[in-house]
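In what follows, a single structure is set out as structure tokens and then discussed.
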Amino acid sequence: MSATVGKSPLRTDGVAKVTGEAKYVDDLRDEEFLWGMTVRSKVARGTIKSITYDPDYEWTDIVRVDYRDVPAGGQNVVSHLTDDQPALASTEIRHMYEPIVLLACADLERLAEAAKHVFIEVEPLEGLFDFETADKSELIVYGDDNIMNHLTIAKGDVEAGFEAADLIVEGVYRTGWQEQMYIEPQGMIAVPHEDGSLTVSGSLQCPFYVLTALKKFLGVGEDKVNVVQTITGGAFGGKEDYPSMIACHVALLALKGQKPVKIVYDRAEDLAATTKRHPATMRHKTGVMRDGTLVASRVEFDLDGGAYITMSPVVLARGLIHGVGCYRVPNVFIDARVLATSTPPNGAFRGFGNPQATFGAERHMDKIAEVLGLSPLEIRRINLLKAGDTTATDQQLDLSVGGAACLDMVVEKSRYEALREEYAAFNAASEASGSPLRRGVGLSTFFHGAGFTGNGEARIMGRADVELREGGRVRIYTGSIDMGQGVNTTFPQLASTELGLGLDAVEMAVPDTSHVPDSGPTVASRTLMVVGKVVQQATRKLIAKLGEAYPGATYDPDQQAYVDADGAVVASWQDAAAAAYEAAGGPIRVEQTYEPDPNVEWDGDKYLGDAYPVYSWAADVASVEIDLDTYEIDLLDFHTAEDIGKAIHPIIVEGQLEGGTLQGIGYGTCEELHMKDGAVLNNRMTNYIIPTSLDSPEILVHLVELPFIGGPHGAKGLGELPTDGPAPAIAAAIAHATGAEVNETSFTPEKLHRALLAPKTGSVQ
Amino acid sequence: MKISLRINGGLMDVDVPPMKRLLDVLREDCDLTGTKEGCGEGECGACSVLLDGKVVNSCLVPVVQAQGVEILTIEGLAEGEDGLHPLQDTFIKYSGTQCGICTPGMILASKALLDENPDPTREEIREGIAGNLCRCTGYQKIVDAVDDAAKQLRGEEHHA
């Protein structure tokens, strides 16, 4: 039996990665290439008056381009959802790191010197830096009112709900920027070919996004440009949209210089210029009954978009849909906006609006519990969505609704209720003895819509191909890429399990847009669940195609053979494959396209209906110890129970959940980006702190597997889920330990000190 | 400046400026790109190599200081033609590598730890790799991998 689904075979990328053989973009040094660099704005907002190059400087070995070099048929935009962002600023500067001029040279030191001889004359303008007041500002930096996007959800009658409620509880919650901090900085290389075409390779999540952007920027078709993903050293959403920018830059330099050009950002440039998680403000007003039942919820959800739109509308949509958390609320009104500022554009980051929404919703639930005299666990048990309930978008939940199962699991495994009592006793004893130590335990429950929002999957219609190769081997062609999350192992698991073959019989084609189909982007917790299903179906199609030679036979993976009605072998896979390969005179490739679920109904105008094909669910429990002399916060341990449908590769699944949890812990505890007048103040690893192995507690993952019929073997999306819930669980633990109101990420010792001194906020009527 | 380096058990002669970063010499002049650059300021540990068995950030070491010492990079860790070091085996087995960019440095830091302390507690493993940042794993599977490799190296368990 060689089926590997549900087992943990060795990662297919493991050997190359542990021996140093794996080549990332910065390691590709075979060809002679020029190093490219970006000359950026030095002001957050302004007007470019002129761009000139020092006539006395020796430019002969340097390629230089600015907006005037964009090819005649192309457009000076980095095309995403909208085409508002130029690849190279021409007149208007909207943020501090706006690229203006590009240089390339074989010698890096000459390049740095040459940059000093580029003269950019700029008339500075006042910038807008506070998104919370941007809608009322007289200074307009975007459109008519600085509002980039505005979405609402209205379910039931929220005002009538407030009337009927026993109590109204209000609160305001805030989250800051978060940097993806993939350890491999962004980088791309463009290689021009003799026929005038161009190959652009690099560290990226979405080859076809980059291809689309290049085609528009250069004004060419697919025959003139292809995009190849190189082994990608982490991405987390940070390599969803920004690689298109760098791709346009290397392409332009390579075409102008007619030589390969590589740009690899150093950490400081990457941290300052590329997209980050949107800062957010969540204003909650909730009507509740004395028994704890939620009756109405009004949420104002605002995001800081930065200077350009990038992925903001879809980040907003996801935040909006998750805005009241995973609870049953009959009357909902959510008002969600993206506001423009003169800061670098914010964009995709694992969780995509949900970590912000969940932080607000979960902190607010604890506040409601406190007001009502209920425990955080009781308020959640009363209101948690279960099968048959409807979400904020009026989506009725039916299958694989694992919220309560996760809550029960994490409460049991962590001993949550016992810990609450033990820590209360610990704190009382501590106070009595004059010890500064306090302990607390906090809980969060959350969910994450898997796959694209609304009818996104039906719009994308992702495709994957499976090809029979020589010797009965199978190759998978997909535009989904491995960025560490293990798709180069889990996709072959899915295909080899259909065939009954070992994992080594299946290989992944290099993601190159010239020979893989567009499977949609590698984002939105969709790859395994949505594209994996397509891979599974494509494999079945290949099996059926070869089976045409054996009428009446079916394929039995256990015997690795086509069998008759009695189960007797008609032809082994090897024999059938050899015969088919020979008859076809070469490889046989089958195509499969995503089949939309006919039961999904979504109203994209009202934001009502089936927002996602399914949700993944989770519950976290964090334990902390705080020293009230130093305000140091020590995480004692961390439990998470996550319903992900089915673990195709349990070790990879656990690794994803542990890693995502630690990013969520970092979001809550130590990761803070500081911006002043549009400049990032801490754009270094030295001063933007991500958790080390010592900062991280033991993260104990408890899997809950409630299968989803729409995913392969019941699997649901899980990539983003773990990042949504840790911050509010830790905040709750700190509040439990100290009584402080923790309504804002991150909870550094400085912030905790201030919170303990501050009066309580919010209101209860 | 002509410098002779002892790398992975062999000798390599390079002609480079004496203050050139060891990281760049390894990657550019020795074609050993398994040593990675994540930050260039000694924070992330992706460029970790062992100098006489001690883990250092090669982005902070001028090549001239690496003369006369034994340099071990990830390319020199595997034992024999197709054998892997137990740490390499367990990093694969436990998925202690995800995106892989921190992995060479992480494995070398782990080797330095186990050479000095063959029987570390999980907390001591966390201390041993605290200079190496990983953004994918949450460190859990890395600690598992180092823990298991330590057992194998002590001869307590045979690797399957």
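The values are calculated or read from the model by the stated rules, or taken from the named source; none is laboratory data. Because the structure is predicted, anything quoted here is derived from the model rather than measured. We place every Cβ from the backbone using ideal geometry, glycine too, and count neighbours over all the protein chains shown.
Odds and ends about this structure:
- Any hit, segment A:2-12, residues being more than 19 Å from A:Cys248 (Cβ to Cβ), touching a helix residue (DSSP H, G or I) at 6+ places or on another chain (Cβ under 9 Å), surrounded by 21 or more Cβ atoms within 10 Å (Cβ to Cβ) and without any contact (Cβ under 8 Å) to a residue 60 or more places away in the chain: no
- Residues that are in contact with a Lys or Arg (Cβ under 7 Å, 6 or more places away or on another chain) and within 18 Å of A:Val523 (Cβ to Cβ) do not occur anywhere in segment A:241-259.
- In the set A:Ala87, A:Ala134, only one residue is in a helix (DSSP H, G or I) and among the aliphatic types (A, V, I, L, M); that residue is A:Ala134.
- Cβ separations smaller than 9 Å between residues 6+ apart or across chains give the following pairs from segment A:561-587 residues that are farther than 11 Å from A:Glu470 by Cβ to residues that are outside any loop (DSSP other than H, G, I, E, B) and of a type in the set (S, T, N, Q): A:Ala561/A:Ser572; A:Ala561/A:Gln574; A:Tyr562/A:Thr554; A:Tyr562/A:Ser572; A:Val563/A:Thr554; A:Asp564/A:Thr554; A:Ala565/A:Thr554.
- Test result for A:Ile644, farther than 16 Å from A:Gly484 by Cα, surrounded by fewer than 22 Cβ atoms within 10 Å (Cβ to Cβ) and more than 8 Å from every other protein chain (Cβ to nearest Cβ): no
- Long-range neighbours under 7 Å by Cβ, at least six apart or interchain, first residue free of Cβ contacts under 8 Å to residues at least 40 places away in the same chain within segment A:663-686, second among the hydrophobic types (A, V, I, L, M, F, W, C) and not in a loop (DSSP other than H, G, I, E, B): A:Leu681/A:Met675
- Options B:Thr90, B:Thr97, B:Thr33; residue that is polar (S, T, N, Q), within 12 Å of chain A (Cβ to nearest Cβ) and within 28 Å of A:Glu32 (Cα to Cα): B:Thr33
- Here is the figure for segment B:74-114: residues that are of a type outside the set (Lys, Arg), assigned to a helix (DSSP H, G or I) and within 26 Å of A:Ile699 (Cβ to Cβ) total 18.
- Restricting segment A:647-668 to residues that are within 13 Å of chain B (Cβ to nearest Cβ) and of a type in the set (Gly, Ala, Ser), the residue that is nearest to the chain's Cα centre (by Cα): A:Gly660
- In segment B:115-160, of all residues being more than 10 Å from chain A (Cβ to nearest Cβ), part of a helix (DSSP H, G or I) and more than 18 Å from B:Lys93 (Cα to Cα), the one that is nearest to the chain's Cα centre (by Cα) corresponds to B:Asp115.
- When segment A:271-308 is filtered for residues that are assigned to a loop (DSSP other than H, G, I, E, B), in contact with a Leu (Cβ under 9 Å, 6 or more places away or on another chain) and surrounded by fewer than 24 Cβ atoms within 10 Å (Cβ to Cβ), the ones remaining, listed by number, are A:Met289, A:Arg290, A:Asp291, A:Gly292.
- On the stretch given as segment A:214-266, residues that are over 20 Å from the mean Cα position of the chain (by Cα) and not in a loop (DSSP other than H, G, I, E, B) total 24.
- Residues of segment A:332-391 classified as touching a residue at least 60 places away in the same chain (Cβ under 8 Å) and either closer than 13 Å to A:Leu320 by Cα or part of a helix (DSSP H, G or I) (or both), total: 35
- Candidates B:Thr90, B:Thr73, filtered to the one that is more than 10 Å from the chain's Cα centre (by Cα) and at pLDDT 95 or above: B:Thr90
- Among the residues of segment B:127-160, those identified as in contact with a Ser or Thr (Cβ under 6 Å, 6 or more places away or on another chain) and surrounded by fewer than 22 Cβ atoms within 10 Å (Cβ to Cβ) are B:Ala130, B:Asp148.
- Flag for B:Glu75 being at the interface with another protein chain (Cβ under 9 Å from one of its Cβ atoms), within 17 Å of B:Ile7 (Cβ to Cβ) and of a type in the set (D, E, K, R): yes
- Matching option when the condition is modelled with pLDDT under 95 and among the polar types (S, T, N, Q), among A:Thr91, A:Thr152, A:Thr82, A:Thr133: A:Thr82
- Answer residue from segment A:20-55, given it is over 16 Å from A:Gly484 (Cα atoms) and among the hydroxyl-bearing types (Ser, Thr, Tyr) and is nearest to the other protein chains (Cβ to nearest Cβ) among those: A:Thr38
- Residue within segment A:405-419 that is in contact with a Cys (Cβ under 8 Å, 6 or more places away or on another chain) and hydrophobic (A, V, I, L, M, F, W, C) present: no
- Look at (1) surrounded by fewer than 21 Cβ atoms within 10 Å (Cβ to Cβ); (2) within 11 Å of chain A (Cβ to nearest Cβ) and you find that B:Thr103 fails only one, number (1).
- The set of residues in segment A:701-743 that are over 16 Å from A:Thr445 (Cα atoms) and within 14 Å of chain B (Cβ to nearest Cβ) contains only A:Gly719.
- Some residue of segment B:52-62 being of a type in the set (Lys, Arg) and either within 14 Å of chain A (Cβ to nearest Cβ) or free of Cβ contacts under 8 Å to residues at least 40 places away in the same chain (or both): no
- Within segment A:118-166, tally of residues that are β-branched (Val, Ile, Thr) and free of Cβ contacts under 8 Å to residues at least 40 places away in the same chain: 2
- Any hit, segment A:229-239, residues being away from chain B (no Cβ under 14 Å) and either touching a Ser or Thr at 6+ places or on another chain (Cβ under 9 Å) or surrounded by fewer than 24 Cβ atoms within 10 Å (Cβ to Cβ) (or both): no
- Residue within segment B:56-75 that is over 23 Å from B:Asp144 (Cβ atoms) and out of contact with any strand residue (DSSP E or B) (no Cβ under 9 Å at 6 or more places or on another chain) present: no
- Within segment A:316-351, being more than 16 Å from A:Thr393 (Cβ to Cβ) and either touching a His at 6+ places or on another chain (Cβ under 9 Å) or surrounded by fewer than 24 Cβ atoms within 10 Å (Cβ to Cβ) (or both) holds for A:Arg337, A:Val338, A:Thr341, A:Ser342, A:Thr343, A:Pro344, A:Pro345, A:Asn346, A:Gly347, A:Phe349, A:Gly351.
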